[in-house]
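Participant: Can you read through this structure? Questions will come right after.
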Amino acid sequence: MITSSIFLGTIKPFFTQPFHLMDYGLWTMDYGLCSIFPTFTSSILHDNILHLMEPSLSEQRLTFLRQSIGKVITNSPSNFMNWLAPVLIKAEHGILVCQYTIRKEMTNPYQILHGGVTAGIIDDLIGATVFTMGLNERYTTVNNYIDYFAPASEGDEVIAETSIVKRGRTILNLQCEIFLPSKKRLIAKGYSNMLNIG
């Protein structure tokens, strides 16, 4: 019992997710089975500790993205994102925040941000957000729902922020809010369902 208490007190705080094999290893120690199966239990614990120390796919992708914080994104696999030229502000698991400067070619005949470009920002940033989740499967947009609340003009800087609403096995639902900080306004909010296509 002393061994398991020490183990739980010193190592467990480093674990951020439930780990079933680890739980089994702890269970065997709690019930004295560690002395019966010492090699089996310690190899399970050792393998799982090493696994937890390796960066996950999500962490690897976030590390890559974070190298661009504060810079204009110009080398994205998304040519549309490169055209939008966002500045990455924040990258977390399931969250991206980017700043966009509204250029003349992004405006409509009234010289305000075109609704299609707004929709494109939302769709593109939500797609990039799925990348941060470290999923091996490919996802594609099956629908976008966007509310437009206020305009933005050429030269304005807008901030887009994404988040996960619901994660299912085949569909991910994410949202993106676009703000105009200079006027303290939410200018648009969109939701998107992303379908797992393998």
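Participant: Here is a check on your reading of the model: is TYR110 more than 30 Å from THR140 (Cβ to Cβ) and modelled with pLDDT under 50?
Facilitator: no
Yes/no matrix, rows are residues, columns are (1) more than 20 Å from TYR191 (Cα to Cα); (2) not assigned by TED's automatic domain parsing to the domain that holds CYS176; (3) not acidic (Asp, Glu):
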| site | (1), (2), (3) |
| --- | --- |
| SER76 | yes, no, yes |
| TRP83 | yes, no, yes |
| GLU92 | no, no, no |
| ILE112 | yes, no, yes |
| VAL117 | no, no, yes |
| VAL130 | no, no, yes |
| ASN136 | yes, no, yes |
| VAL142 | no, no, yes |
| ALA150 | no, no, yes |
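Participant: Restricting to region 87-104, give me the number of residues that are more than 23 Å from LEU172 (Cβ to Cβ) and basic (Lys, Arg).
Facilitator: Total meeting the criteria: 2.
Participant: Among the candidates ALA152, ALA188, ALA160, which residue alone is more than 21 Å from PRO77 (Cα to Cα) and touching a residue at least 60 places away in the same chain (Cβ under 8 Å)?
Facilitator: Being more than 21 Å from PRO77 (Cα to Cα) and touching a residue at least 60 places away in the same chain (Cβ under 8 Å) holds for just one of ALA152, ALA188, ALA160, which is ALA188.
Participant: A further question on this structure: What do you reckon, is TYR148 more than 19 Å from SER192 (Cα to Cα) and more than 17 Å from the chain's Cα centre (by Cα)?
Facilitator: When the stated conditions are applied, TYR148 does not pass them.
Participant: Identify all residues within region 157-197 that are among the small types (Gly, Ala, Ser), within 22 Å of HIS93 (Cβ to Cβ) and exposed (fewer than 15 other Cβ atoms within 10 Å of the Cβ); write none if there are none.
Facilitator: Across region 157-197, the qualifying residue is only GLY168.
The values are calculated or read from the model by the stated rules, or taken from the named source; none is laboratory data. On a predicted model such as this, the values are computed, not experimentally measured, just so you know. Cβ: placed from backbone, ideal geometry, glycine included. Neighbour counts: every protein chain shown.
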